[in-house]
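This report refers to the structure that appears directly beneath it.
The values are calculated or read from the model by the stated rules, or taken from the named source; none is laboratory data. All values reported here derive from a predicted model rather than from experimental measurement. Please note: Cβ atoms are built from the backbone with ideal geometry, for glycine as well, and neighbour counts cover all protein chains shown.
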Amino acid sequence: MKILIIEDEKNLSDNMYQYLTNNKYLCEQAFTYHEGLEKISLYDYSCILLDLNLPDGDGLKLLEVIRNRQIDSGIIILSARTSLDDKISGLMIGADDYLAKPFSLPELGVRIYALLRRKISNSSNVIHSNGIAINLLAKTAVVDNKSLELTKTEYNLLVLLVANQNRVISKNAIAEHLSGDMADMFNSHNFVYTHIKNLKAKLAQYDKGECIKTIYGTGYRWIEE
Amino acid sequence: MHSLKFRSVINFIVSTVIVLTLVSPLLFYIIKAFYTDDLDHMITYRIKQFEENQLPVLSYIDIDTWNHYNPDLQIIEFKEDIKLNTPIQHIYFDKSLNEVIDYRVIYESIKIEDEPYLIASRIPMISRADLIVMIASQLGVEFFFIIIGLMVVYRIFSREISNPFYNTLQTLSLFEVNGKSIPKFQATNIIEYKYLNEKLSELMHRTQRSYQRQKEFIENASHELQTPLAVVQSQLDLLLQDPDLTESQNKIIQSLYTASAQTKRLNKNLLLLAKIDNNQYMTQENVDLVQKLKDTYQLFKEIANSEDVNFSISTVDTFQVKANSTLVDVLLNNLFSNAIRYNKPKGDVRILLDEHSLIVYNTSESPGLGDSSIFKRFIRKDNSKYGSGLGLAIAKEICIFHKWDIGYQFADNFHQFKITLKS
């Protein structure tokens, strides 16, 4: 699956590129409005990451162009603008998701993952990992045909881990993902630890507890075999 | 503290009293001098009349009779040691009044049938006490009329002099540093006031502009910080993927994550404050507060549980309020996360929503936080490393924005934050 990163900040673009490429995506980079426009015209992308503040044009304009040309890529807006109005107007004219800077790479990973599942798997909304079937639509998980009774938070945690499989996800990224946009005042590592522990315990009932690996207390990794 | 009007009237009265008091002795001596001079003319005139009319026909034997009928124009024996032709002051005893009285007296030498005599012409002076009373009552009357006059004059001129001043004051009180425009002064044709108004207008313009710039600066600075912060965050996320990281390296990365999260949070809160200050959250809608509380309850319950804190909510059935939905979310999140963050193990957080207000109760290790300085920016009552120091400042700003009242008290071992939403 091809992803186009339109972002003028080279460091950030490179980091996203590196993180996502390792995640089995094929990435390309564009650093300006015109470069982006050119690439969009030439190739098809499953997903476009679009920065709104480009040196030679407004990202929102680019979004308009993409939609007018009936290009069927999933679009995630990346922006330093956090005002609510931007969010609404951006989504209104056709972006699929919105990520305010600064964001964590695992967060970007799970957003892309969810978007691509929504866009592509028209047959099934079920993803499989290590024998666990996760239904993204029903928000349920099943192991060996037995339902895994997860709380909403545990479900979100599982999806985050699976979407970033074989990547180490920092506790901070998990805390942010679970507590949402507003409650990020929490440095609550207890909160993350509790939920990881609970999820692990539930997975352990089906001998899947080892899927989650702890990295020196800094982060966690979903091992995909 | 007194008003300008009161002050100026009092000052005038006091100074008038002082001046009148100071000039009264002077007045006394002046009046006395003129009076004495008059009397001296009178007694000299009487002698002249006597010499012209009576003396030529007066004989030696008439002297006693004359003296009997003219107590104030006595013919006495000639004495060498009496000063002649100059009025002098002398005290005589008045039998009828039974007191001594000052007289002006003048002696002249005359001759009756070639015998030398003295004629003494005298006239009683007004008594010193009477003179003082007279002057004092005169001054009193003058004082009374001066005050009356002053009031009249003051009323007439205040329209020109002080009314523009009070207008300026009133206009000035309408000024808001955060406002969109500056209040307009009434036109005046007094040069000084015109100048004052111009200078004040200029000052208000500048204050508003620099406040505006400061807000924009904070907002821009926060915006500019977001991209580098995103780079830091993503670098850390990548670094964490290195399979060869040692435990000590991981510890360093963790502390970098913590610092990065704090910076992010601080930046986000600064941006939020700037946005509230800049009135970027203008839209208001009907917010179902009960629903909002229910939405946030689950998340905060989980967070509280992981911190070993009991979290409970009790609300009325329905509570609609006109507000900005995003800001209400922020407000609830700030209050709830504070209540959990500053709690103690096995502590309690209770949220109560009644018909008028929302109250957040929480236990804590620390005693009451005291004054309202807790709502100021970057005030932290303990050395907690978690808070950005802006949570309550933001809560306060949000309440001000919605014209709600937020208060704090410590009672029954509970910190209580109360937001009065409806009176």
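Descriptive notes on the structure:
- In the range B:1-47, the residues that are hydroxyl-bearing (Ser, Thr, Tyr) and either within 14 Å of B:Ile147 (Cβ to Cβ) or not in a helix (DSSP H, G or I) (or both): B:Ser3, B:Ser8, B:Ser15, B:Thr16
- Selection within the range A:137-168 - in contact with a Pro (Cβ under 8 Å, 6 or more places away or on another chain) and within 8 Å of another protein chain (Cβ to nearest Cβ): A:Arg167
- The single condition among (1) among the hydrophobic types (A, V, I, L, M, F, W, C); (2) at pLDDT 85 or above; (3) more than 32 Å from the chain's Cα centre (by Cα) that B:Leu390 does not meet is (2).
- Candidates are the residues of the range A:15-39 that are of a type in the set (S, T, N, Q) and more than 15 Å from the chain's Cα centre (by Cα); the one that is farthest from A:Ile3 (Cα to Cα) is A:Thr32.
- Matching entry among B:Leu299, B:Leu327 (being farther than 17 Å from B:Asp354 by Cα, facing chain A (nearest Cβ under 8 Å) and either in a helix (DSSP H, G or I) or not acidic (Asp, Glu) (or both)): B:Leu299
- Looking across B:Tyr117, B:Tyr45, one residue alone is in contact with a helix residue (DSSP H, G or I) (Cβ under 8 Å, 6 or more places away or on another chain), among the hydroxyl-bearing types (Ser, Thr, Tyr) and free of Cβ contacts under 8 Å to residues at least 60 places away in the same chain. It is B:Tyr117.
- Among the criteria (1) over 24 Å from B:Ser162 (Cβ atoms); (2) touching a residue at least 40 places away in the same chain (Cβ under 8 Å), the one B:Phe12 does not fulfil is (1).
- Any chance B:Asp62 is more than 25 Å from B:Ser127 (Cβ to Cβ) and assigned to a loop (DSSP other than H, G, I, E, B): no
- When the range A:54-108 is filtered for residues that are out of contact with any helix residue (DSSP H, G or I) (no Cβ under 6 Å at 6 or more places or on another chain), modelled with pLDDT of 85 or more and of a type in the set (Ser, Thr, Tyr), only A:Ser73 remains.
- Within the range B:205-221, residues that are surrounded by fewer than 13 Cβ atoms within 10 Å (Cβ to Cβ) have Cβ atoms under 8 Å from residues that are outside any helix (DSSP H, G or I) and among the β-branched types (Val, Ile, Thr) in these pairs: B:His205/B:Ile182, counting only partners at least 6 apart in sequence or on another chain.
- Residue check, B:Leu229 in contact with a Ser or Thr (Cβ under 8 Å, 6 or more places away or on another chain), in a helix (DSSP H, G or I) and either surrounded by 17 or more Cβ atoms within 10 Å (Cβ to Cβ) or more than 11 Å from chain A (Cβ to nearest Cβ) (or both): yes
- Among the candidates B:Leu266, B:Leu236, the residue that is out of contact with any Gly (no Cβ under 7 Å at 6 or more places or on another chain), free of Cβ contacts under 8 Å to residues at least 60 places away in the same chain, closer than 28 Å to A:Gly219 by Cα and outside the structural domain of B:Ala393 (by TED's automatic domain parsing) is uniquely B:Leu236.
- The range B:344-366 - residue that is among the hydroxyl-bearing types (Ser, Thr, Tyr) and closer than 18 Å to B:Lys301 by Cβ and, of those, modelled with the lowest pLDDT: B:Thr363
- Looking only at residues in the range B:159-187 that are in contact (Cβ under 8 Å) with a residue 12 or more places away in the chain and part of a helix (DSSP H, G or I), the one that is surrounded by the fewest Cβ atoms within 10 Å (Cβ to Cβ) is B:Ser162.
- Count of the range B:285-296 residues, restricted to those that are away from every other protein chain (no Cβ under 12 Å) and either within 21 Å of B:Leu352 (Cβ to Cβ) or surrounded by 15 or more Cβ atoms within 10 Å (Cβ to Cβ) (or both), is 7.
- Annotation: B:Tyr281 fulfils all but one of (1) outside any helix (DSSP H, G or I); (2) hydroxyl-bearing (Ser, Thr, Tyr); (3) facing chain A (nearest Cβ under 7 Å); the unmet one is (3).
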